[in-house]
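Presented below is the structure to which this report refers.
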Amino acid sequence: MRRVSLRIGIGSCLLAASTALFAQNGPVPTLAPAAVSTDERIANLEKFLAQTQEEVAALEASSAGASEAQIAELERKIEILGAEIEGLKVGEAAEPSDVSTEDRTDARYGVGVAASKVYGIKRGVSIGGYGEALYENPAGDDQSGNPSGEVDQIDFLRAVVYLGYKFDDHWVLNTEIEYEHAVAADGADGEVAVEFAYLDYMKSRLLNVRSGLVLMPVGLVNELHEPTVSISARRPDVERVILPTTWREIGAGVYGESGMLAYRAYVTSSLDAAGFTADGGIRGGRQEGSEAIAQDWALSGRLDYVGTAGLLVGVSVFTGQTGQDNHTPSGRKIDASTTGFDVHADWQWRGLWLRGLFAQTAISQADLINEFNGFVGDESVGSRQNGWYVQGAYDVLSFSPTSKMSLLPYVRYEQYDTQEEVPAGYARNPANDIDVLTVGIAFKPIDRLIFKLDWQQRQNAANTGVNAWNVALGYIF
C-alpha cells in the first residue's frame, strides 16, 4: 500500500501544479479522498487526464495560448499521470504484503522460498524461479581398479519459472514449469515439464484446500528442491531413488498449522508398478500428471513439528494400489500395493545446519511385477527398499553478524538399497547396495545464489562404484 499511496501523492502534486496553470480555463477536478476505492481513484484520474489533454490541445490551437515550454512541461506531466494510472490498474495486484518477499528466507505452505512468492502479494501476478548447472568429473577407475568408462559431463540441469496468480484473499494459483538439460528437441535429452500446478483455497491457518498437480509431501527435498536448500552439488541419492524427487501427482487435499504442528494430506493418482525397476526402485512409477492411469489412487500425508525456530522434525507416509489394472502374460491381475514412509529432521542454529532422514518402501506382489516386465534373476524389483542419510554443515562466516555471505563446509553420508528384499526365486544385485560419502563446500555471496564444490566416494557391494568431483552453481529469484 505504501507505493499506491505514493502514486496518489504524486498525482495530487501534479493536479495542484496544473490547477495554477489552468485556472484561467475553468475549474479543475480534484482527486477523491484517500478513503475511496482504487477503482474510484482511477476513474477520477482518468477524467482529469482526459480534460487536461483537451485543454493542452486547445492551448496548442490558440495563438494566445501557453508557450511551447509550458506545453512541453504539461505533456510530460500528462505522460507521468498516464503511467500512474496504469500503475494503479496493475496496482495493488503487484504490491507485496507487509513482509517483503525479498526479505523472506523461509519456505511456506509446502513449497520453497521462490515458489511461495505468490502468497506474499496482495493480488495479481507473481514471477519467480531457479536454475542450476552441474559439472561432473568421474574417476577413471572404479573401486576395484577397473576402468570406469565414465566421461566428464557439464549440463545445465534445469531452468525453472514459477508463475503464480493471487485472485483474492482466498484463491491462489501456483505453477512451476521446468526446462531440463537446456534443449528440448528431437534427439535431445531435455524436456519441458510442469512440476506443479495447483489451486489453493486459503481459509485459515488451520485449514486450507489444495487441488491440481501437487508435489507429494514426502521427505526434505521433494517439496523444497530449490538449489539453495540442497547444499550439495547433487541432491541426496536417497531422496532421488527411495523417495523419487521430483514426485508429483494429480489430486486434492488439505494443509495447515495448529499450534506447533503443520500438516498436509492428499488423495492423488497413484504410482504405476509397471515402471518399477531393480536399480531405480519406484522412481519409474511416477506418472507426473501426464495421461496418468487412474485405476488406482493413493493417500499421502505428513506431520511436522515446527514449534521451535530453526527446527523441523516430522514423518510422512504414502500408500496406494499400484497395479493400475495391469495383467501378467499368464493373465493374472496385478493388485500390488506400495507403502512407504520417512522420518526426517532439519535443524539450523546460528551457523550450524544438521539434517537427516530415513525412508523405507514396501511393494507387494513384486513377483507379478517382475513377470509383467520380464525381469529374471537379479533384475527383480525389490519388495522392500530403504535408505538413510545424515548431513552436517557449518557457516564459518556466521561469526560476523553483518555479513550477507555464507561459506559452508559440509559432509554427508548415505546408504541405500533398492533390493533390500526380493521375492522368492529371485536374487539381489549387490550393485544396488550403495554407500555414498560426500565432502564439499558451498559459498553463498548472497542468500539467493550458491556455488558448490564437492567430492563423492561411491561404493557398492559389487565393487563397481565410481568416485567423482562435482561443481555446481544455483540461483533462485
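General remarks:
- Size descriptor, Kirkwood hydrodynamic radius, that averages inverse alpha-carbon separations across segment 423-463, Å: 13.2 Å
- Whole-Å distance, taken between Cα centres, linking segment 343-364 and segment 206-229: 15 Å
- Amide H partners (placed H, <5 Å) of D141, local residues excluded: S148
- Annotation note: GluC sites (Glu not before Pro) in segment 243-312 located in DSSP loop regions with a Cβ neighbour count of at most 12 within 10 Å are E291.
- Dividing the summed helix terms, -39500 (n - 2.57) for each DSSP H run of n ≥ 4, by the number of residues in the chain produces a 222 nm estimate of -5500 deg cm²/dmol to the nearest 500.
- Tail beyond 21 Å, pair distance distribution of segment 280-402 (Cα, percent): 55 percent
- Rounded to the nearest 10 degrees, the angle from helix 2-22 to the longest Cα principal axis of the chain is 20 degrees.
- Ratio of the Cα radius of gyration of segment 157-277 to 2.2 N^0.38 Å, where N counts its residues: 1.17
- Residue order, fewest to most surrounding Cβ atoms within 10 angstrom, among H225, H327: H327, H225
- Shape analysis of segment 336-433 yields a ratio of the Cα radius of gyration to the Kirkwood radius, Rg/Rh, of 1.24.
- Pairs exceeding a 20 Å alpha-carbon distance, out of K122/K203; K166/K444; K117/K203; K404/K444; K404/K452; K166/K203: K166/K444.
- The lysines within cross-link reach of K77, meaning a Cα-to-Cα straight distance under 22 Å and a gap of 8 or more places when in the same chain, are K47, K89.
- Computed from point charges on the beta carbon alone (+1 for Lys and Arg, -1 for Asp and Glu), the dipole magnitude for segment 107-476 about its Cα centre is near 1700 Debye.
- Percent RCO, i.e. relative contact order, over the chain, from Cα pairs under 8 Å lying at least 6 residues apart: 11 percent
- Cβ crowding within 10 Å, taken as a proxy for footprinting-reagent exposure, orders L81, L173 from fewest neighbours to most as L173, L81.
- Counted over segment 192-237 with a bin width of 10 Å, the fraction of Cα pairs per bin, in whole percents, is 21, 40, 30, 9.
- As computed over the chain, the Cα convex hull volume per residue (Å³): 195 Å³
- Remark: spin-label model distance Q360-S211 equals 3.7 nm, labels positioned 7 Å along the Cα→Cβ axis.
- For segment 451-477 versus segment 387-434, the gap between their alpha-carbon centres in whole angstrom: 11 Å
- Sequence of K333, K122, K166 once ranked by neighbouring C-beta atoms within 10 Å, starting from the fewest: K333, K122, K166
Read-outs throughout are calculated quantities, based only on the coordinates presented, and are distinct from any laboratory measurement. Here the structure is a predicted model, which means the values were calculated and not measured. Don't worry about glycine lacking a Cβ; one is built from the backbone with ideal geometry, like all the others, and counts go over all protein chains shown.
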